[in-house]
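Below is one structure; the comments refer to it alone.
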Amino acid sequence: MAEQLLKVNKVDAGYRRGAHAIRDINLGLHAGDALGVVGMNGAGKSTLMATIAGRLVPENGTVELEGRDLGRMSPDRRARQGLVLLPEGHQVIGALTVEQNLLVASGARTFRGARRRLAAVADLVYGLFPILADRADQLAGLMSGGEQQMLSIGRALVTGPRLLLLDEPSLGLAPAVVDRIYDALTDLRREQLSLVVVEQNDTRLRNLCNKIVVLNSGVVTLSAATEDTDKDAIRRAYFGASHLPGDAVLASHEAEGDSHVQG
Ligand SMILES: Nc1ncnc2c1ncn2[C@@H]1O[C@H](COP(=O)(O)OP(=O)(O)OP(=O)(O)O)[C@@H](O)[C@H]1O
Ligand SMILES: [Mg+2]
């Protein structure tokens, strides 16, 4: 089998020595895969993304890109290798225009270099999100949350990622806008971009991703090909079925209106 693009191997990581927010995490991704990571508040999803992106150094275990241990490599250097994180929240510079945001994100040292890099991906970015072309000269800070999220994704694309990590791209957005973001992610998959997408809710991930991982209290409680799992299995893993007395508890979550994993 072809070498994995990303491999996370027995990773423990956290914010204080010995206190691991994520424990014994193993996952793998081939080029072209989309991996969905689901879990409730505090499950460790962002910690996992930060560890893969190099913002956090694991206390144990390794993160490998194409078989190479990334060790303490900085997030910037990882991004230059094509491993790019889009963190939670909108990553735009409000005082710059849409186009300036894209130029700055290219990371080129000269204006001409930035123009060249943007030109190379302009069809892709503006094709995914035509509104960014329409609003090219508008200040990013004046755009809606959904438009800012589209620009954030555009900024990540200008860097030329091979593997894009997205941390809760739907956070705070109206369902119709989330649909558009996910349509764009589906198009990017067709362009052979590999994805890791974190959400609290599995509904959209099950359509986008060919692999699903559920995190609960810092550990993987389910890891499967999407086609081999279903809503129910995900729900059990999400609430940590092994710690619960049974369906009565799940039912009570639903009665409280907890809609995180409902389709
Ligand atoms: N900077 C930090 N310093 C200390 N502890 C942190 C820090 N960030 C997160 N934690 C803790 O690590 C655990 C995992 O948090 P993490 O942010 O990874 O969860 P999450 O799954 O991304 O949650 P959410 O859905 O709310 O974004 C939590 O217990 C959290 O309180
Ligand atoms: Mg998070």
Could you list, in sequence order, the residues of the range 42-59 that are out of contact with any helix residue (DSSP H, G or I) (no Cβ under 9 Å at 6 or more places or on another chain) and open to solvent by 30 Å² or more (accessible area, probe 1.4 Å)? G42, S46, E59
Right, E191: at pLDDT below 95 and closer than 23 Å to L83 by Cα or not? yes
What number of residues in the range 208-221 are open to solvent by 30 Å² or more (accessible area, probe 1.4 Å) and in a strand (DSSP E or B)? 4
Condition check: of a type in the set (D, E) and closer than 30 Å to Q148 by Cα. Does D33 satisfy that? yes
Note on the range 153-182: residues away from ligand 1 (no atom under 16 Å from the Cβ) and either of a type outside the set (A, V, I, L, M) or open to solvent by 50 Å² or more (accessible area, probe 1.4 Å) (or both) are G154, R155, T159, G160, P161, R162, A174, P175, A176, D179, R180, Y182
When the range 4-41 is checked residue by residue, the ones that are on the phi > 0 side of the Ramachandran plot and open to solvent by 40 Å² or more (accessible area, probe 1.4 Å) are K10, G18, D24
Set A136, A114: member being farther than 25 Å from L65 by Cβ, modelled with pLDDT under 95 and more than 16 Å from ligand 1 (Cβ to nearest atom): A114
Would you be able to say whether some residue in the range 31-47 is charged (D, E, K, R) and within 9 Å of ligand 1 (Cβ to nearest atom)? yes
Note down all Cβ pairs under 6 Å where the first residue falls in the range 212-234 and is hydroxyl-bearing (S, T, Y), the second is in a strand (DSSP E or B), and they're at least six residues apart or on different chains. T221/V214; S223/V213; T226/I212; T229/I212
Give all pairs with beta carbons closer than 6 Å in which a residue from the range 57-84 that is farther than 20 Å from I22 by Cα and of a type in the set (D, E, K, R) meets a residue that is outside any strand (DSSP E or B) and at pLDDT 95 or above; count only pairs at least 6 apart in sequence or on separate chains. R78/G54
Among the residues of the range 139-155, count how many are within 15 Å of E168 (Cα to Cα) and among the basic types (K, R). 0
Here is a check on your reading of the model: is V98 more than 30 Å from L142 (Cβ to Cβ) and either in contact with a Cys (Cβ under 6 Å, 6 or more places away or on another chain) or open to solvent by less than 30 Å² (accessible area, probe 1.4 Å) (or both)? no
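The values are calculated or read from the model by the stated rules, or taken from the named source; none is laboratory data. Since the model is a prediction, treat every value here as computed from it, not as a measurement. Methodologically, a virtual Cβ is constructed for each residue, glycine included, from the backbone with ideal geometry; neighbour enumeration extends over all protein chains shown. For accessibility, only protein heavy atoms count, side chains too; no ligands or nucleic acids. Shrake-Rupley method; radii C 1.70, N 1.55, O 1.52, S 1.80 Å.
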